[in-house]
Amino acid sequence: MAEKLDWDDCIRHKLALTMPPDIQRTKEVLKMAMLRLEFWSRSIEAKFAALKIEGYYEIIKEIAFALL
């Protein structure tokens, strides 16, 4: 069975890196998420419902990425 590593082990073995926050990139990602939200907030035909769900998924993903 493989050895389990904690966060400090991952950093020490360079499996994960700590990075300073990129505020400008975060702002741009949030701006894009808000633009997508504005677009997908419109009423759509039922046949496009799957695309709307995919759009909301992208919005959630971008906001989560910005928070990280």
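The values are calculated or read from the model by the stated rules, or taken from the named source; none is laboratory data. Small disclaimer: the values here were computed from a predicted structure and weren't measured. Quick reminder, even Gly has a Cβ in these numbers, built from the backbone with ideal geometry, and neighbours come from all protein chains shown.
A single member of GLU54, GLU28, GLU3, GLU38 is outside any helix (DSSP H, G or I) and either under 22 Å from LEU68 (Cα atoms) or charged (D, E, K, R) (or both), and it is GLU3. Evaluate the range 42-56: report whether one residue or more is β-branched (Val, Ile, Thr), surrounded by 10 or more Cβ atoms within 10 Å (Cβ to Cβ) and more than 17 Å from the chain's Cα centre (by Cα). Within the range 42-56, one or more residues are β-branched (Val, Ile, Thr), surrounded by 10 or more Cβ atoms within 10 Å (Cβ to Cβ) and more than 17 Å from the chain's Cα centre (by Cα).
For first residues located in the range 32-48 and within 17 Å of LYS61 (Cβ to Cβ), partners that are assigned to a helix (DSSP H, G or I) and among the basic types (Lys, Arg) and lie 6+ apart or on another chain with Cβ distances below 9 Å form the pairs ALA33/LYS61; TRP40/LYS52. The set of residues in the range 14-25 that are surrounded by 10 or more Cβ atoms within 10 Å (Cβ to Cβ) and outside any helix (DSSP H, G or I) comprises LEU15, ALA16, ASP22. Before we move on, is ILE11 at pLDDT below 90 and part of a helix (DSSP H, G or I)? Yes; evaluated as a whole, the condition is true for this residue. If you go through the range 13-68 and keep only what is β-branched (Val, Ile, Thr) and under 30 Å from GLU3 (Cα atoms), you end up with just THR18.
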